[in-house]
Amino acid sequence: MKIIHVHQDHDPNVVRQRLTALGLWTTKLEDGEHVSLLASASSSALPSDEAIADIAGVVAVMCSKSPHPIMDAHAPTVDLGDGVIVGGGAPVLMAGPCSVESEEQINVAAKMVVEAGAAVLRGGCFKPRTNPYSFQGIGPQGLVWMHEAAKVYDLKIVTEAMAPQHVDVVAQYSDVFQIGARNMQNFDLLHAVGRAGKPVLLKRGLSATIDEWLQAAEHTMHAGASAVILCERGVRSFDPNTRFLFDIAAVAMIKHQYNLPVIADPSHATGRKDLIPHMGAAALAVGADGLIVETHPNPAVACSDGPQQLDPAELQAAATKWGFVK
Ligand code: PEP
Ligand code: MN
């Protein structure tokens, strides 16, 4: 992959045409007034850097071996506003129910999570469920309830958009878009969410490699997302004792090799309440910038993921262990 900087006074489309004629497939990157072209070979004969540099309007030609140059340049922190910063400082707790179920439920949940030291309220209104007869989410009304509850308790909101048609309403009521594990490579969705220009919490796909995950992040950044927070939530394994296999090395790699914002989801990763406090502590120990945890005022009656949702006392205990309760 080559990164080609284009002079401000030249039309980037003319430069692109010349590059296409040399056998390069280009994508335009705009950063304020500066335009760069990402170019990869569409034929087997790659032109030399000198041949590219000779094109009128080309300022510089750089080589990138990485398939995710925007993510490589991504800041290690994501500022969600009002002092909530993911990465670089104190870890951030995101907590809330698996699904928003009612106005009362999300209000009680918001109170619980703020008392546990969380800065971000989670909760899905559009739910990706394996079985079509399971609860599919309450829909847009839930976003309104969540927004009201978050306002009362001064919390930011992260919630999932499952389809491009959800983007406008989710953007209106939330601070961070969640892309679920099952949608990590839904490229239309990554682009539609990116175009909203907000931060994205990108869950790792159930069997996605770290490279695929970073390239999915690149898709949404290239489309215009302001930032990406990667979220390790466990990958498919052979052992049914835990719901998924929590890939703690992935958290360490994203943090220490790539220096990118990364949080961990011990709830979906293990599916077991008894393991969540320990796995959350492990994730923080290897450098996670935060945790996202499922909690419900009364998990016994939860519409989804009841067995893994912490009740109020369990949340307090876990958050205390993790150092979020002051
Ligand atoms: C969720 O966070 O509610 C969820 C469905 O998670 P995942 O996409 O990781 O399964
Ligand atoms: Mn869930």
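Taking the longest Cα principal axis of the chain as reference, the axis of helix 140-153 is set at about 80 degrees. Counted residue by residue at 0.36 nm each, then reduced by the alpha carbon distance between them, the extension gain from Glu33 to His7 reaches 8.4 nm. Which angle from 0 to 90°, rounded to the nearest 10, does the C-alpha axis of helix 276-285 make with the longest principal axis of the chain? Once rounded, the angle reads 40 degrees. In this label model, Thr320 and Ser48 are separated by 7.1 nm, measuring between points 7 Å along each Cα→Cβ vector.
Using only helices, what value at 222 nm comes out for the chain when you add -39,500 (n - 2.57) per DSSP H run of length 4 or more and divide by the total residues, to the nearest 500 deg cm²/dmol? Before the final figure, lay out each step's value.
Values: 12 runs with 107 residues, N = 326.
Taking each H run of at least 4 residues, the total per residue is -9000 deg cm²/dmol.
Maximal additional length on extending the Glu212-Ala56 stretch stands at 52.6 nm, based on 0.36 nm per residue less the C-alpha distance.
Sequentially through region 309-326, phi angles give Karplus couplings (6.51, -1.76, 1.60; θ = phi - 60°) of 8, 6, 7, x, 5, 5, 5, 4, 5, 5, 5, 5, 4, 7, x, 8, 8, 8 Hz, Gly and Pro residues having no value and appearing as x. The distance between label points at Glu103 and Trp25 comes to 5.1 nm (points 7 Å beyond Cα on the Cα→Cβ vector). Computed from Cα atoms, the angle from the helix 210-223 axis to the main principal axis of the chain rounds to 70 degrees. For Ser99, the shell of other residues with beta-carbons less than 12 Å away shows a net charge of -1, using +1 for Lys and Arg and -1 for Asp and Glu. Summarising the amide proton neighbourhood of Ala60: residues at separation of 5 or more, or on other chains, whose placed amide H is nearer than 5 Å comprise His5.
Please give, to one decimal in nm, the separation of the simple spin-label points placed at Gln165 and Ala281, each 7 Å out from Cα toward the Cβ. Those two pseudo-labels are separated by 4.7 nm.
Only four residue types carry charge here, +1 at the Cβ of Lys and Arg and -1 at the Cβ of Asp and Glu. Report the dipole size of the chain about the Cα centre in Debye, rounded to the nearest 20. Intermediate results must be reported in sequence, preceding the final value.
Values: 24 positive and 34 negative charges, 123 e Å.
Dipole about the Cα centre, nearest 20: 600 debye.
Put simply, the amide H of Val228, placed in the peptide plane, has neighbours under 5 Å in Val200, leaving out anything fewer than 5 places away on its chain. Reducing region 88-124 and region 128-147 to their Cα centroids gives an inter-centroid distance of 16 Å.
A 21 angstrom limit on the alpha carbon distance is what I want to check against. Which of Lys127/Lys326; Lys111/Lys326; Lys255/Lys326; Lys28/Lys203; Lys111/Lys151 exceed it? Can you show the working numbers first?
Values: Lys127/Lys326 33 Å; Lys111/Lys326 16 Å; Lys255/Lys326 25 Å; Lys28/Lys203 26 Å; Lys111/Lys151 11 Å.
In this structure, Lys127/Lys326; Lys255/Lys326; Lys28/Lys203 exceed 21 Å between Cα atoms.
Each reported figure results from applying straightforward, stated rules to the coordinates on display, with no laboratory input. Computed from a predicted model, the values in this text were never measured in an experiment. Here the Cβ is made from the backbone with ideal geometry for all residues, glycine too, and neighbour counts use every protein chain on show.
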